[in-house]
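For reference, the structure is listed below as structure tokens.
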Amino acid sequence: MIRSLFLAGFALSITACAAAGGDTNALGTAATPGAGSTPASGAVPGAGNTPGTGATTGVGGTAATGSVPGTGGAVGVGGAAAWVPPAACTTPPAPVAPVGQQHGFGSRYWDCCKPSCSWTEKVDAKLPTNRTRACSIGNAPAVLDVNKYTEAPSGCGTDAANALYTCYDMNPWAPCATLSYGFAAVPAAGPPSCGKCFQLDFDGKSREQQNNPKYVDVGSQGLLGKTMIVLATNTGGDVGSGQFDLMIPGGGLGIYKDGCKRQWKVEPTNTALLGKDMGGFRALCDEKLGWDASQKPENHGQILACVRGMCSALFGADPAKADLLKGCMWYVEWFGAANNPTFNYKEVLCPAELKAKY
């Protein structure tokens, strides 16, 4: 169960890249197995617990259009770069006060469903702006009905013409080298969390180390010193206390597969294209390499190259999916294809740039 955290007089310590705005409340502690988010019509799981990684950073990189740049990165659709290394942050992240800080981990998912925080019943009637956006099957922004009896359904539950889905631009991004913004599913238990932001300060470890102390995840190690601020767009009973199920294209469909089937025109059974239901591209790449081999640090470059190729194969051919491609490449290049990394977290004011995409 989630435990409530009441933050009083808490100063937001983030990089100069982040702006302030929004409100506060907090989540619980204790890491629990990977899960996902829940639209009003059901639970949407996330990445789950995927197998291990390795260590050296790979070079090369599969281009989104089929070409291969020299040292990593990927060329996006229409000639635009799918990943452009961000500039250094103007100031390093300030030390985080220990008071009120909790420990958690990040799983991953992207299920295309209408976000649960888009449903009227999930949002405080006194705070209508805490209702997140949703889009049509063609990714056009939708006007949300305020009447819960007539509002549009989720594309994960029906193929009705008015069904709504996750907007493509809710992908993660890095405004500067050590800071990223994104969206996440949080536990449904406890105080309402829709529209609230949380700062995740990565500690260079993976949750998988709790079960296997010898587990090595180079991606998680590479996150040490980096910070991510996420805004809650989904809540779910299958998201554990202390867990943030990060919205990452290619992160896995979870158990609700029909949304992406309809919006992307793909068959959920095509794991070669979509990756594993739990863990997505990274989980399938680990499986291809083999569990023992994926544990070797020197093979991490192969994991990165595999995920890059899958990003390009699913999102690179269609200009309409450019935002999805960028978010997928962010997972490789900034996140290091980390597998369930752990972090210290606290609730913070929402940066204006992040709130604007909510």
Residue-wise, which Karplus ³J(HN,Hα) couplings in Hz belong to segment 346-355, taking 6.51 cos²θ - 1.76 cosθ + 1.60, θ = phi - 60°, and x for glycine or proline? 7, 7, 9, 5, 6, x, 4, 4, 6, 4
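Give the shape of segment 168-240 as rounded, prolate or oblate, defined through the alpha-carbon gyration tensor: a ≥ b ≥ c are the square roots of its eigenvalues, a/c under 1.5 means rounded, and otherwise the shape is prolate if a/b is larger than b/c and oblate if not.
It comes out oblate by the Cα gyration axes.
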Output ³J(HN,Hα) for segment 246-251: one whole-Hz value per residue in order, computed from phi by the Karplus curve 6.51 cos²θ - 1.76 cosθ + 1.60 with θ = phi - 60°, and x for Gly and Pro. 6, 7, 9, x, x, x
Using only alpha carbon pairs under 8 Å that are at least six residues apart, calculate the relative contact order of segment 215-305 and give it in whole percent. 28 percent
Neighbour cut-off at most 16 other Cβ (10 Å), DSSP loop, chymotrypsin sites (Phe, Trp or Tyr not before Pro), segment 131-206: Y149
Long-range amide H contacts for D203: which residues qualify at under 5 Å (H placed 1.01 Å from N, peptide plane, sequence gap of 5 or more or a different chain)? T342, F343, N344
Partners for K122 among lysines (Cα-Cα distance below 24 Å; same-chain residues under 8 apart left out): K114, K148, K196, K257, K346, K355, K357
How large is ³J(HN,Hα) for each residue in segment 192-201, as worked out from phi by the Karplus curve 6.51 cos²θ - 1.76 cosθ + 1.60 (θ = phi - 60°), to whole Hz, x for Gly and Pro? x, 10, 3, x, 9, 10, 9, 9, 10, 9
Please report the net charge: other residues with Cβ closer than 11 Å to the Cβ of T178, K and R +1, D and E -1. 0
Sorted from largest down, give the three principal axis spans of the alpha carbons of segment 283-357, whole angstrom values. 43, 37, 15
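Computed from the coordinates by the stated procedures, all read-outs in this text should not be read as laboratory data. None of these values were measured; they are calculated from a predicted model. Glycine gets a Cβ as well: all are built from the backbone with ideal geometry, and neighbour counts include every protein chain shown.
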